[in-house]
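The values are calculated or read from the model by the stated rules, or taken from the named source; none is laboratory data. A quick note: this is a predicted structure, and the numbers were derived from the prediction, not measured. Glycine also receives a Cβ, built like all others from the backbone with ideal geometry; neighbour counts cover every protein chain displayed. The accessibility values were calculated without ligands, DNA or RNA, using every heavy atom of the protein model including side chains. Shrake-Rupley method; radii C 1.70, N 1.55, O 1.52, S 1.80 Å.
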Amino acid sequence: SQTRLPVILKGVMTVQDAERAVQAGAAGIIVSNHGGRVLDHTPGTAEVLPGIASAVRGKIKIFVDGGVRSGVDVLKMLALGAEAVLVGRPVAVAAVGGGREGVAFLLNQYSEQLRTAMIYAGCGTLAEIRPSVLYKGRG
């Protein structure tokens, strides 16, 4: 009630919290473990993202961060249900090591890796990335 700006909640790791965000009127959620697993044996974002996306897709924007280290990882997160993928730590490292040029190099590398992965997966557009592009082997 204090702002007309969209509110996006970060740190959502459960279906229940995602549903609460919808009920509270948030514009979006960021599925995130804040860059690491604070407790042993807690799930990563890729593990919880499909359930969250299944529960709230179409009701709220779904972003994800954590564990994304390549354009192929971006494809995976999109296939698992994210609408957008955030990359923090790799960009920060690129900025410290190479400034503006380092960040540009990293983002161009991610973009090219994503484009190549999409070709291999038979996806001509981002909208064509579906869970079926992921291999689900039997252990």
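Worth a mention:
- In region 81-136, taking the dipole from charged Cβ atoms about the Cα centre, the farthest positive-side position among TYR135, MET118, VAL96 is held by TYR135.
- When both bridge partners sit in the chain, DSSP labels roughly 0% of those beta bridges antiparallel.
- Value of D in µm² per second that Stokes-Einstein yields for region 54-139, Kirkwood Rh from Cα pairs, at 25 °C (0.890 mPa s): 176
- Under 17 Å from the Cα of LYS61 - lysines, other chains or at least 8 residues apart: LYS10
- Cα centroid separation, region 39-98 to region 104-130 (Å): 15
- A DSSP coil position with no more than 15 other Cβ atoms inside 10 Å describes the following chymotrypsin sites (Phe, Trp or Tyr not before Pro) in region 37-139: TYR135.
- Fraction of accessible area attributable to carbon and sulfur, the chain (%, probe 1.4 Å): 56
- Per residue value of the accessible surface for the chain (all protein chains in place, 1.4 Å probe), Å²: 64
- Three principal axis extents of region 1-58 based on alpha-carbon atoms, in descending order, are 38, 22, 13 Å.
- Looking at region 68-122, the GluC sites (Glu not before Pro) that sit in a DSSP loop and have at most 15 other Cβ atoms within 10 Å of their own Cβ are GLU83.
- Spherically averaged projected area of the convex hull of Cα atoms, region 3-116: 8.3 nm².
- Net charge dipole size for region 1-107 [Lys, Arg +1 and Asp, Glu -1 on Cβ; Debye, nearest 20]: 240
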